[in-house]
Structure formats: C-alpha cells, structure tokens
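Heads up, the thing below is written out as structure tokens.
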There are 2 protein chains.
Amino acid sequence: MSTMGNSTNIFWQESPVGKLERRKLLNQKGCVVWITGLSGSGKSTLACSLSWELHTRGKLSYILDGDNVRHGLNKDLGFKAEDRTENIRRVGEVAKLFADAGLICIASLISPYGKDRDACRAMLPDAFIEVFMNMPLALCEERDPKGLYKLARAGKIKGFTGIDDPYEPPLNCEIELNQKDGVCPTPSAMAGEVITYLEDKGYLQGFSS
Amino acid sequence: MSTMGNSTNIFWQESPVGKLERRKLLNQKGCVVWITGLSGSGKSTLACSLSWELHTRGKLSYILDGDNVRHGLNKDLGFKAEDRTENIRRVGEVAKLFADAGLICIASLISPYGKDRDACRAMLPDAFIEVFMNMPLALCEERDPKGLYKLARAGKIKGFTGIDDPYEPPLNCEIELNQKDGVCPTPSAMAGEVITYLEDKGYLQGFSS
C-alpha cells in the first residue's frame with residue numbers, strides 16, 4: 001500500500017505483457033521525441049513529416065500535438081504559467097505511457113520553460129529525445145501561420161511566447177535544427193536527421209543480437 | 001481559430017498518418033475495452049489475461065490501470081466525487097488517444113458512476129466496449145486482495161465504493177461477466193469472451209475485403 005500525491009491505498013499493477021514483449025512485436029523501441037520551439041518554428045511540420053517517414057518504414061508513431069491535447073485531455077487548462085506547467089506535465093505523463101506501450105511518441109509543444117521540459121526528461125530516462133527547432137524569432141513571426149504574432153504584437157494576446165513571455169532555449173538537447181546559410185532545411189531533411197539519430201541509438205530495431 | 005474550454009487560439013493539427021494507416025500497419029482496429037466493477041471483482045486479472053491473449057495473437061494492447069494512473073498522470077487527484085470524475089475523464093481522454101493510435105486500450109477502473117462512464121463512451125462512438133465485472137459484493141469483500149474492505153469496514157477509509165459510496169451498475173454494457181452456478185469463470189475464459197466479441201466486431205482485423 002502506498003501514499004502517492006493526493007491518493008492513498010494505491011497499488012502498482014504489473015502487466016504480463018511488458019516493454020520487451022512489445023518491442024519484439026513492433027520491432028522498435030518506445031521513446032519520446034520531444035519537439036520544442038517558438039510558434040511558427042516548424043514543430044508540427046517536422047512532427048508530420050517524421051510520422052510519415054516512420055510509417056513508410058513500418059514503424060508505429062503517434063503525435064501528441066500541444067494544440068490538439070488542449071481540445072481534450074487539457075481542455076481545463078489555460079495559458080497562465082501554472083497551467084502551462086500542468087499542460088506539459090500531463091503531456092509528459094501521457095508520452096511516457098505511449099513510450100511504455102512501444103510507440104515512438106512525437107510530442108510537439110512550444111514548451112517554453114526549461115524546468116518543465118527537464119521534468120519530462122526525468123520521467124523518461126534513456127527514452128527522451130529533445131529536438132530544438134532553433135529558428136529566429138523574426139522568421140517565425142514572418143511566417144506567423146496562425147496569425148498569432150500579429151495578435152500578440154497588437155496586445156490582443158497576452159503572455160505570448162517570444163513576445164511577452166520567455167522562451168528558454170534547451171541547454172542539453174539531443175538534436176538542434178536550424179537554418180544553414182539563412183536557408184531552412186526541408187521537412188523531409190529535418191525528419192531524416194531525427195531518423196538517423198533514432199537508427200543510431202537502436203530505437204528502430206527490436207533486439208540487437 | 002477556436003475557443004475550447006479554458007484555451008483560445010487553439011488550432012487543430014491533422015496528422016498525415018491516420019487511423020486507417022495505423023489499422024493497416026497493425027492489422028487491428030483501435031478501441032477501448034473499459035472494465036468496470038467493484039474492488040476485488042477481478043478487473044486487473046481480466047485486463048492482464050486479455051492483454052496476454054491478445055499479445056499471443058500478435059495484437060498490440062495497453063492497459064490503463066486505475067491505480068497505476070494515479071501514480072503518474074492523476075497523482076494530483078484524490079477520491080472526492082469531483083476528483084473521481086476528473087480521474088475518469090482524463091483516463092477516458094488518454095484511452096481515446098490510444099484507440100486513435102490503433103491500440104486495443106484496456107482501461108481497468110472501478111469507475112463507479114454511470115455518468116462518468118457514459119461521458120467516456122460518448123468520446124468514443126463505435127469504439128467503446130464496456131465490460132461489467134458483475135461479482136457479488138460478498139465475494140469481492142471475501143477476496144479483499146488489497147485489504148481495503150477491512151479498512152473501509154473499520155472506518156479507516158471513507159467513501160469506499162460498495163461500502164459507503166455507491167457503485168452504479170451499467171445499464172447498457174457490451175459484455176457482462178458473472179458467476180455461473182456460484183462459480184467464477186477462469187481468467188482465460190473471461191478473456192476469451194472479450195476476444196470473441198472483438199473478433200465478431202472486426203477489431204482484430206485490418207480491413208475486411
């Protein structure tokens with residue numbers, strides 16, 4: 001019997017089918033690819049391209065998109081600092097379940113605060129791959145795919161990351177994507193970089209002999 | 001742009017790999033098997049047996065166990081009525097994501113209130129299979145695998161389902177498991193009953209020709 005958080009009398013139930021069995025079945029190793037960056041930096045584009053490239057290789061992935069999750073699991077949360085933290089915490093916990101289930105979970109969220117990302121990393125030792133979309137604010141603002149920078153500059157959105165709320169760049173990410181000579185890599189080139197990393201680290205195979 | 005719950009300026013991001021692609025890849029149709037019943041009614045036993053039987057058939061499943069989830073995603077929640085409701089809501093949302101990802105998600109929770117279970121059913125039209133472990137309270141209390149009924153009878157746990165908090169039996173469940181002539185079916189017989197249902201409804205195949 002244990003006391004955890006606000007719950008007492010909570011037991012841990014072991015499943016007879018574990019990580020190893022699912023790894024064999026799927027021929028891949030569950031993990032979380034955590035894509036962080038400013039709005040407009042290309043997180044969703046990379047997530048979609050990566051998901052597609054993995055699918056063509058017969059690998060099972062699933063995208064946890066920051067916006068989509070706010071339509072469901074996190075619809076009770078807003079954008080205050082503590083709500084952002086709880087948003088990231090829950091996505092981290094769900095991503096952990098997906099990785100445990102054997103999937104390559106692609107989490108795509110601005111996730112501006114280093115401590116929130118690090119809390120997720122701590123939940124997933126050896127299975128957390130942080131990808132930093134290191135694109136200049138000016139580029140993101142020029143793209144403004146959702147028209148949000150305009151609203152933020154006009155003061156119609158408060159606490160917008162990059163404008164009047166900070167983005168803390170990762171200090172220890174596994175992969176950093178940025179412009180080369182002022183040119184952005186293509187979505188498939190960016191996906192390719194992540195896939196090479198996953199291959200090198202053995203996430204795309206069942207068991208090495 | 002949309003306003004949903006406490007969030008505004010939230011968009012919906014479509015993934016290029018959808019339900020159908022994952023159904024082909026996994027040769028199964030994502031769904032949620034929601035196991036409800038009193039503590040000690042055999043929910044976890046069925047969940048484990050079912051997960052194992054599915055695995056031997058090459059099918060990918062994942063158990064969302066009520067207790068386990070309270071160690072992670074729902075560790076901020078207790079056992080007050082509104083916390084129980086939020087507990088079930090979040091598990092329902094996560095189960096929906098797993099079903100969308102193509103897994104056979106086995107949710108195993110007391111989930112005592114009909115309205116909470118029905119809210120999850122509403123999230124998952126055509127993919128929610130409610131399994132009612134209809135075992136007598138006396139049997140569950142005699143088993144008392146976690147020693148909780150004893151604590152509840154002694155007044156050391158308040159609001160314990162079946163003792164001083166109600167369990168509302170499902171009115172429209174897909175599968176009801178109970179004793180035959182006072183004898184409980186074996187775990188594998190119970191799992192077999194669920195698997196027959198899943199087979200009949202096409203959840204264990206990719207596409208019918």
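Computed from the coordinates by the stated procedures, all read-outs in this text should not be read as laboratory data. Please read all numbers here as calculations on a predicted model, not as lab measurements. All Cβ positions, glycine included, derive from the backbone under ideal geometry; neighbour counts span all protein chains shown.
Sparse packing (at most 12 other Cβ atoms within 10 Å of the Cβ) combined with a DSSP loop state is found for the following trypsin sites (Lys or Arg not before Pro) in region A:149-178: A:Lys156, A:Lys158.
Pairs over the 32 Å Cα-Cα cut-off, from the set A:Lys19/B:Lys115; A:Lys29/B:Lys158; A:Lys24/A:Lys75; A:Lys24/B:Lys158; A:Lys115/A:Lys180: A:Lys19/B:Lys115; A:Lys29/B:Lys158; A:Lys24/A:Lys75; A:Lys24/B:Lys158. The chymotrypsin sites (Phe, Trp or Tyr not before Pro) found in region A:128-209 that occupy coil by DSSP, while having at most 16 further C-beta atoms within 10 Å, are A:Phe207.
Would you calculate a helix-derived [θ] at 222 nm for chain B, using -39,500 (n - 2.57) for each DSSP H run of n ≥ 4 and dividing by the full residue count, to the nearest 500?
Value at 222 nm, helices only, nearest 500: -12000 deg cm²/dmol.
How many angstrom lie between the Cα centre of region A:133-149 and the Cα centre of region B:73-132? Between the Cα centre of region A:133-149 and that of region B:73-132, the gap is 37 Å. With each label modelled as a point 7 angstrom along the Cα→C-beta vector, the B:Ala138-A:Ala119 pair spans 4.9 nm.
Sequence-distant contacts, meaning Cα pairs under 8 Å at least 6 residues apart, place the relative contact order of chain A at 32 percent. Take each residue of peptide A:12-24, count the partner chain Cβ atoms within 10 Å of its Cβ, and average: the result is 5.
Any idea what diffusion coefficient chain A gets from Stokes-Einstein, in µm²/s, Kirkwood Rh on alpha carbon pairs, 4 °C, 1.567 mPa s?
Working: Rh = 18.2 Å.
Result for D is 71 µm²/s.
Counted over region A:1-119 with a bin width of 5 Å, the fraction of Cα pairs per bin, in whole percents, is 2, 11, 17, 19, 18, 15, 10, 5, 2, 0. Note on region A:51-209: dipole from Cβ charges, positive end direction compared against A:Gly155, A:Ala95, A:Ile129; the farthest Cα belongs to A:Gly155.
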